[in-house]
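Below is one structure; the comments refer to it alone.
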Amino acid sequence: MAKPAAQNQVHLPADFEQVFAVAEPIGGWLTVEQAFLLYRQARAVDRPGAVIVEIGSHQGRSTVVLALAAPDSTVIAVDPFVDGAMFGGLGTKEKFEANLQRAKVTDRVELVQAKSTDRRQAWERPFELLYIDGKHDYWTVTDDLKWATHLPEGGSVLIHDAFSSIGVTLGLLRWVLPGTQLRYVGRAGSLAHFEKRRPSLADRARFIRQLPWWVRNVAIKVLLRLRLYPLARLAGHHDKADPY
Ligand SMILES: C[S@@+](CC[C@H](N)C(=O)[O-])C[C@H]1O[C@@H](n2cnc3c(N)ncnc32)[C@H](O)[C@@H]1O
């Protein structure tokens, strides 16, 4: 049964627990609190014909959460299935397809096997919810943020690793913080929630107040790379995996 982390007790409804029970065995980095945020936002937009775009699907952990949370919607999963030790290439695509089949959502997920940056300019199809978790460098994030132009006013953008990756956060600091399109709503760990609406000063200030936590997470990642686990524990991180 899915359990929230002790420091962040959230009430998890039974229907979400059923969804997370299907997604939990799938490899990936999405935590239970983050899955719950995705689930709530997908639920909120679900209606016949609704479309959710996910950039970066890996083995389908988040794809399955989105598809099960929004049974009347279509999820478009954009992922080139990049090769390498981290993401696994075509073997990952096979796992993605098998995981979707096991979750019985194959018929509601459309795979776009391509880089988000290669598809963005010609994209015309509107959608109701955007989840960004693809390549985490500054330039790709800068481009991925432009997918939000296809959202309706008030639509949500969820961005993974928004406060645990240098590239993602720099992209947000450069384009979102001084921008007029996206207002910061909140976060589940490092999964940030923005809304397509003009931000107020208070919204910008709330975003800025998360930055010390981002600095702490980057410092922890450095300590983990240096195998300085006791120092990471002193900073409150009791895991050998990165903070998400
Ligand atoms: C962190 S994983 C996604 C995890 C997934 N959202 C989950 O929760 O399980 C990042 C994924 O982004 C994909 N990726 C890398 N570059 C990309 C790009 N330019 N466009 C879209 N996806 C990309 C990788 O192949 C990888 O599967």
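The values are calculated or read from the model by the stated rules, or taken from the named source; none is laboratory data. If you're wondering where the values come from, they're calculated on a predicted model, not measured in any experiment. Because the Cβ atoms are built from the backbone with ideal geometry, glycine has one as well, and the counts that use them run over all protein chains shown. Protein only, heavy atoms only, side chains kept; ligands, DNA and RNA dropped before computing areas. Shrake-Rupley method; radii C 1.70, N 1.55, O 1.52, S 1.80 Å.
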Over 23 Å [Cα-Cα, the stretch 18-113], rounded percent: 16 percent
J(HN,Hα) series, the stretch 151-166, from Karplus relation 6.51 cos²θ - 1.76 cosθ + 1.60, nearest Hz, glycine and proline x: 7, x, 4, x, x, 9, 10, 10, 10, 7, 6, 5, 10, 9, 9, 5
More than 27 Å apart - percent of Cα-Cα pairs taken over the chain: 33 percent
Scattering profile of the stretch 134-225 at q = 0.13, 0.15 Å⁻¹ [log10 I(q)/I(0), Debye over alpha-carbon scatterers]: -0.39, -0.52
Summed residue charge, Cβ within 11 Å of residue 182's Cβ, Lys/Arg positive, Asp/Glu negative: +3
Of 146/221; 93/135; 95/146, those spanning more than 18 Å from alpha-carbon to alpha-carbon: 146/221; 95/146
Beta bridges by DSSP in the chain, antiparallel share as percent, to the nearest 5: 35 percent
Accessible surface of residue 110 - all protein chains present, 1.4 Å probe, nearest 10 Å²: 80 Å²
Where the chain is the region considered: accessible area per residue in Å², 1.4 Å probe: 49 Å²
Calculated SAXS-style log₁₀ I(q)/I(0) at q = 0.15, 0.19, 0.22 Å⁻¹ - the stretch 177-244, Debye, Cα scatterers: -0.57, -0.74, -0.85
Solvent-accessible area of residue 45 with every protein chain in place, 1.4 Å probe, in Å² to the nearest 10: 30 Å²
Whole-angstrom gap from the stretch 114-192 to the stretch 21-72, using each part's C-alpha centre: 16 Å
